[in-house]
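The values are calculated or read from the model by the stated rules, or taken from the named source; none is laboratory data. Everything numeric here is computed off the predicted structure, so don't read it as measured data. Methodologically, a virtual Cβ is constructed for each residue, glycine included, from the backbone with ideal geometry; neighbour enumeration extends over all protein chains shown. Note: areas computed on protein heavy atoms with side chains; ligands, DNA, RNA excluded. Shrake-Rupley method; radii C 1.70, N 1.55, O 1.52, S 1.80 Å.
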Number of protein chains: 2
Amino acid sequence: MAQGTAPKTDYSDSNTKAHVLSLPLENSQADREPHSYERWLIAKLMRMAGSPAIRFQLWNGEVIEPEQGPARFTLHLKDHKALYSLVANPNLAFGDLYSAGRLEIDGDLPDLMESLYRSVHAARQKWPKWLDALWKNHNPRATGISEAKENIHHHYDLGNEFYQLWLDNAEMQYTCAYYEHPGNTLEQAQLAKLEHVCRKLRLRPGMTVVEAGCGWGGLARYMARNYGVKVHSYNISREQLAYAQAESERQGLDGLITYVEDDYRNITGQYDAFVSVGMLEHVGKENYRALSELIKRSLKPNGIALLHSIGRNRPMLMNAWIEKRIFPGAYPPSIGEFMEICEHGDFSVLDVENLRLHYAQTLSHWTERFEANAERVTEMYDEHFTRAWRLYLAGSIAAFRAGSLQLFQVVFTHGDNNQLPQSRQDLYAFPATPEGN
Amino acid sequence: MAQGTAPKTDYSDSNTKAHVLSLPLENSQADREPHSYERWLIAKLMRMAGSPAIRFQLWNGEVIEPEQGPARFTLHLKDHKALYSLVANPNLAFGDLYSAGRLEIDGDLPDLMESLYRSVHAARQKWPKWLDALWKNHNPRATGISEAKENIHHHYDLGNEFYQLWLDNAEMQYTCAYYEHPGNTLEQAQLAKLEHVCRKLRLRPGMTVVEAGCGWGGLARYMARNYGVKVHSYNISREQLAYAQAESERQGLDGLITYVEDDYRNITGQYDAFVSVGMLEHVGKENYRALSELIKRSLKPNGIALLHSIGRNRPMLMNAWIEKRIFPGAYPPSIGEFMEICEHGDFSVLDVENLRLHYAQTLSHWTERFEANAERVTEMYDEHFTRAWRLYLAGSIAAFRAGSLQLFQVVFTHGDNNQLPQSRQDLYAFPATPEGN
């Protein structure tokens, strides 16, 4: 159903200095010889990036070895203008040049990105201020009710068929899975994640749950099916909701689940549990207080809330390319900003768990399936799209491995609620991973 | 050894408007009749406190019933000046008047305090600004190296014999215990706490641990005895260290444990684990960044840190009486302030657990033993001291029950450490509570 609907993605580049994508792709052989100051520029660029083990191959075939140690990766620049884009705005240009095939990579893409993230993270402490200002990421775009609709449509309405090619076939989870054992399959780990979330919420039959941002509705179905709770799930992605509704009817769960096509800000009623898995990244810092107040009024006196979100160890803006091309409006909160949501509502934080490396593994599993279906993706969209998503997945694996992204599950309740679980033992009383799958 | 060393406690009141304790205790019968505006003042006071179910009995025997519902508690004011102290500075005066016997209570003391905390917490939202300013708690006193020494001496050097009267006889733990089952004894729960902390640190034989603030050295001994690790434990309470050292020698653990009489700020070396149980409350907000930097440099690349501390749901100053009479310099961080410590050091937060109600239970167990030894305490010190500690313990039970205090255990590591535990399953693989005891 999705075929041909994809390039809502804004590949034009009107907002940035680097007009990377409006350039015609040049045949590398036709390009001129590199100037000596271009070699100097590459050496300088690599030093600023903390001297990672990267070899450059220029448009004329010439090779520049890294200053320190042997190269582990080769980065081909296919035309000389690519170099200037990269120097002017590396955060944005790297992704755009790679997507356009003007930058090619020899070596494992996630490994290269991890190595780059680690070396840049250490090196940027020493950047002069002007460089930090030049290369900085910008504030994400707005996340008001109407903008949120566009932001979410941009990514999540790419077509269910596309996501079905590489997400798990158990519950179509596009969020971090939970690997109880390193050898678990993606399906096992996604079901274990759903189970882990339900246990943290201490669900009991007959309880009511409200879900903010429900994806393809998998958590709602899991909760209804396995815990006998009544769920109201909100989402503004029409494509996702259509799938969720059909699947809930097919499974005979539509008596327990109400999928609502509306913004989370319009949630009404009071529930025993408030849950949101993978939406906070899209909420935007300016809406954290409103979110906190929303949870406050949506939660019964002894209710429990769980927010599951990508996060940071300290505040940091989203990579420009990801925010521009992949996730408009995205901003993962730092752990401190996350806690401000809880503080604002006078909530009591009961439990924080960081599943960072679980997300790296989830993304690796997605990448395997994505690559197995890459030709199909290119047929559905185009080569540029496939390359952009390949880089996005690889860069995300790298960011979780390098520790520039975290995955926090935060459980909290009203400050005066004493109906608390005695300990977390019950989360681990028996395996969360289903047998089989 | 401690007998007679106690009243370093500053019972004079030179810093406050309310000269509560310098007044002679008057015989209630000798006091004058209450004025009508005094009755009005009590009604007003109770309304400002959110109309808790408290009856007042005045110095002449006259009774004032609560405006709403039946009374659950009676509060006797023994002289008319006590009323003015209470109105002028209730946070400080309540404790001072109670300690001095000028305020008496009928009913369960922790229940009364909890009921008061809950009703004041709700009511203070509506206080006029001038009242909020009049009744506010003040900043805690300084916590520089020399002041910290005095602050700690004030409380922890009251004498080991005193603490032995009511702390557990397993490891003399003066911090929150961990009740795996509600029926656990204090000894079981304190040993389970030590075990729980060791598991969170993922200790293995041969590892090195540094401990900031070690109390009577129980955690260090537990770690050395049960996990075969080498421990450096810092403390500035001489009384505690003398006990710790003797006990470590008695148990033949002095080859593994080095107790250091020094400020945590003077920790040197690098360790596999950094642990601090119940010290952060005394560190002071102004030292959080330095603490973060200290942990950063004290932790090996794959090391794990654990801070266990009383905390808050949002920033709030310590109750004036507790800070002045019981814990000089104390300030429990809010969860957000706690996370700032982690953010400042670019740490990755792995796990936060809130053991709030476990501390209420711990304090209840302490209170039982304290009351069983109250006569002995009065012999060692005086009636005023016994009453002050009775109120401090009861008020603490109440604060944890009412949710105005939390107990956070926070586990974190360097941001680029990938040698992480896969999940928290191993914390719950078998009971942390020892059999027997």
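For the reader, a short list of remarks on this structure follows.
- Hits in the stretch A:64-88 (condition: assigned to a loop (DSSP other than H, G, I, E, B) and surrounded by fewer than 22 Cβ atoms within 10 Å (Cβ to Cβ)): A:GLU65, A:PRO66, A:GLU67, A:GLN68, A:GLY69, A:PRO70, A:ALA71, A:ARG72, A:LYS78
- If you go through the stretch B:326-346 and keep only what is away from every other protein chain (no Cβ under 14 Å) and either buried (at least 24 other Cβ atoms within 10 Å of the Cβ) or hydroxyl-bearing (Ser, Thr, Tyr) (or both), you end up with B:PRO328, B:TYR331.
- Considering B:ALA189, B:ALA170, the condition of being on the phi < 0 side of the Ramachandran plot, assigned by TED's automatic domain parsing to the domain that holds B:GLN406, part of a loop (DSSP other than H, G, I, E, B) and more than 17 Å from the chain's Cα centre (by Cα) is satisfied by B:ALA170 alone.
- Look at (1) open to solvent by less than 30 Å² (accessible area, probe 1.4 Å); (2) modelled with pLDDT under 95 and you find that A:PRO421 fails only one, number (1).
- Filter result for the condition that a residue is in the same structural domain as B:ARG32 (by TED's automatic domain parsing), surrounded by fewer than 17 Cβ atoms within 10 Å (Cβ to Cβ), in contact with a strand residue (DSSP E or B) (Cβ under 6 Å, 6 or more places away or on another chain) and of a type in the set (Gly, Ala, Ser), over B:GLY107, B:GLY61: B:GLY107
- A:GLU353 falls short on exactly one of the conditions (1) of a type outside the set (Lys, Arg); (2) open to solvent by less than 10 Å² (accessible area, probe 1.4 Å); (3) more than 8 Å from every other protein chain (Cβ to nearest Cβ), and that condition is (3).
- Cβ-Cβ contacts under 7 Å between residues 6 or more apart (or on different chains), taken from a first residue in the stretch A:400-419 that is more than 23 Å from A:GLN361 (Cβ to Cβ) and within 8 Å of chain B (Cβ to nearest Cβ) to a second residue that is surrounded by fewer than 23 Cβ atoms within 10 Å (Cβ to Cβ) and of a type in the set (Asp, Glu), are listed as A:GLY415/A:ASP346.
- Flag if B:ARG369 is more than 30 Å from B:HIS181 (Cα to Cα), at pLDDT 95 or above and away from chain A (no Cβ under 14 Å): no
- Of the residues examined, B:SER396 is not one that is hydroxyl-bearing (Ser, Thr, Tyr) and farther than 21 Å from B:CYS176 by Cα.
- Residue in the stretch A:312-322 that is within 14 Å of chain B (Cβ to nearest Cβ), at pLDDT 95 or above and open to solvent by less than 20 Å² (accessible area, probe 1.4 Å) present: yes
- Looking at B:HIS196, B:HIS181, just one residue is within 14 Å of chain A (Cβ to nearest Cβ), surrounded by fewer than 20 Cβ atoms within 10 Å (Cβ to Cβ) and within 17 Å of B:TYR359 (Cβ to Cβ), and that residue is B:HIS181.
- Meeting the requirement of 1 or more residues that are within 19 Å of the chain's Cα centre (by Cα), the helices (runs of 4 or more DSSP H) wholly within the stretch B:321-437 are B:335-344, B:356-372, B:383-402.
Yes or no, residue by residue, for (1) open to solvent by 20 Å² or more (accessible area, probe 1.4 Å); (2) closer than 26 Å to B:ILE341 by Cβ:
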| position | (1), (2) |
| --- | --- |
| A:ASP263 | no, no |
| A:ILE267 | no, no |
| A:PHE274 | no, no |
| A:LEU307 | no, yes |
| A:ILE310 | yes, yes |
